[in-house]
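S.K.: For reference, the structure I am asking about is given below.
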Amino acid sequence: MQVIRTPSTLQPLIKAYKLASESVCFVPTMGALHPGHLSLIETAKQHGRRVIASIFVNPAQFAPHEDFHAYPRPEDQDIALLQESGVDIAYLPHVSDMYPDGFSTKLSVGDIGQTLCGVSRPHFFDGVALVITKLFHHVQPDVAVFGEKDFQQLHIINKLTQDLDFPVSIIGNPVVREADGLAISSRNRYLSHQERRIAANLYTTLEAIATSLNQLSPLDVDTIRNHAAKELLADGFTKIDYLEIRDEATLSHVTYPLEKPIRILGAAYLGTTRLIDNIRFLPKIHS
Ligand code: AMP
């Protein structure tokens, strides 16, 4: 595995892959690697002759009050994990190469970036789109793998790829969970022992919403969401960002009768740590 830190040293390697007609599959990450990231790399190995994983904590997607500086950066450990997992290139660009002095271009993903996570993080998806656009230009992948853990992000990357004509196939990988159901995340390490004990209740609450939707005469969507939010607060969550029931293909709001595949998505705080999760729900007509 080669560890590459600048776009200019990456370029000749990509050129050589292209000349040899070797397909490139790309896995972008912010590091602090865990089994969720490694599952993306396993998928990437099935879709590309060459696998490139990036580690870049992207300042453009953090608001000033968020955890950009505190975000974990266990670089040596991450590089060892990428080496073990059979990646060809670990790409760790410097902030000064990604956003040199004078960098001023902005990207907007539009309204889809202002709902769900975008309500509390209005600049987040524009920042994600900007860095993924740059990384796609550097890596020139044939395929890129993203996690369903960040379902809205996956949706927006699909849209970005279509809208800006990137010749890249996007693959979504299922959420990897701890034994109790908690979606694995680099931010889970912020949780105290007590917070960790209740963290999986976000997942069980999403499952409970699915069960409610399956009732013969379901309550209206808002009643189900309000009840679930109360349960989470009673469990010890400190703030509910959202609990939403959305059309899986468009992320638009749903109305009864539910006929198409649904995503039940949630974001909630345990102390200062914000957790997100989502599950798929198929209305009975699809099961
Ligand atoms: P991050 O390093 O948090 O930016 O995540 C990098 C990629 O890993 C994104 O595509 C995430 O959706 C994906 N990912 C993170 N956690 C998980 C997980 N538990 N299961 C599946 N994919 C994940």
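Here, each number is a calculation from the coordinates, and none is a lab measurement. Since the model is a prediction, treat every value here as computed from it, not as a measurement. All Cβ positions, glycine included, derive from the backbone under ideal geometry; neighbour counts span all protein chains shown.
S.K.: For the residues HIS69, HIS47, what sequence is obtained by ranking on other C-beta atoms within 10 Å, fewest first? Walk me through the numbers on the way to the answer.
M.R.: Details: HIS69 9, HIS47 18.
So the residues, fewest neighbours to most, are HIS69, HIS47.
S.K.: Students often check this: by mean Cβ neighbours within 10 Å, which of 275-282, 242-249 ranks highest, and how do the rest follow?
M.R.: On the way: 275-282: 20.4, 242-249: 18.0.
In descending order of packing, they fall as 275-282, 242-249.
S.K.: What order do you get for ILE224, ILE132, ILE170 when you list them from fewest to most C-beta neighbours inside 10 Å?
M.R.: Numbers: ILE224 21, ILE132 26, ILE170 18.
Going from least to most buried by this count: ILE170, ILE224, ILE132.
S.K.: Hey, another quick one. For the pair SER252 and ARG187, how long in nm is the line joining their label points, each one 7 Å along Cα→Cβ?
M.R.: In this crude spin-label approximation the distance works out to 2.9 nm.
S.K.: For segment 1-115, what is the Kirkwood estimate of the hydrodynamic radius, computed as the reciprocal of the mean inverse distance between distinct Cα atoms, to one decimal in Å?
M.R.: Values: mean 1/r = 0.0638 Å⁻¹.
With all distinct Cα pairs of segment 1-115 included, I get 15.7 Å.
S.K.: According to a simple spin-label model (label point 7 Å from Cα along Cα-to-Cβ), what is the distance in nm between ASP222 and THR9?
M.R.: Going from the THR9 label point to the ASP222 one covers 5.7 nm.
S.K.: Tell me, in nm to one decimal, what length is gained between GLU231 and SER104 on full extension, where the rule is 0.36 nm per residue of separation less the Cα-Cα distance? If you can, show how the numbers build up before the last one.
M.R.: On the way: separation 127, 0.36 × 127 = 45.72 nm, distance 4.45 nm.
Stretched fully, the GLU231-SER104 segment lengthens by 41.3 nm.
S.K.: Translational diffusion coefficient, Stokes-Einstein: compute it for segment 90-165 using the Kirkwood radius over C-alpha pairs as Rh, at 4 °C and 1.567 mPa s, and state it as an integer in µm² s⁻¹. Walk me through the numbers before you get to the answer.
M.R.: Working: Rh = 13.4 Å.
Rounded, D is 97 µm²/s.
S.K.: I've got another one for you. Largest first and to the nearest Å, give the Cα extent of segment 3-45 along each principal axis.
M.R.: Principal extents (largest minus smallest coordinate, Cα): 32, 22, 12 Å.
S.K.: A follow-up question, please. Run the numbers on segment 222-280 and let me know its relative contact order in percent, using alpha-carbon pairs under 8 Å that are six or more apart. Spell out each step's value before the answer.
M.R.: Values: 87 pairs, mean separation 17.9, N = 59.
30 percent.
S.K.: When every alpha-carbon pair in segment 90-221 is counted, what percent end up more than 17 Å apart? Numbers along the way, then the final one.
M.R.: On the way: 6052 of 8646 pairs.
The answer is 70 percent, as a whole percent.
S.K.: Also, quick follow-up: 7 Å from Cα along Cα→Cβ at both THR115 and ARG73: what's the point-to-point distance in nm?
M.R.: About 3.6 nm separates the two model spin labels.
S.K.: Would you kindly derive the ³J(HN,Hα) couplings of segment 125-141 from the backbone phi angles with the Karplus curve 6.51 cos²θ - 1.76 cosθ + 1.60 (θ = phi - 60°), listing them in order in whole Hz, with x for Gly and Pro?
M.R.: Those phi angles translate into 6, 5, x, 5, 4, 5, 6, 5, 4, 5, 5, 4, 5, 5, 8, 6, x Hz.
S.K.: Can you tally the net charge around TYR190? Count Lys and Arg as +1, Asp and Glu as -1, for every other residue whose Cβ sits under 13 Å from the Cβ of TYR190.
M.R.: Combined, the nearby Lys, Arg, Asp and Glu give +1.
S.K.: Now a separate question. May I ask for the Kirkwood hydrodynamic radius of the chain, worked out over all distinct Cα pairs and given in angstroms to one decimal?
M.R.: After inverting the pairwise mean of 1/r, the radius is 20.1 Å.
S.K.: Exposure proxy check: SER39, SER21, SER108 ranked by fewest other beta carbons within 10 Å? Show your work: numbers first, answer last.
M.R.: Working: SER39 20, SER21 7, SER108 12.
Fewest-to-most ranking of SER39, SER21, SER108: SER21, SER108, SER39.
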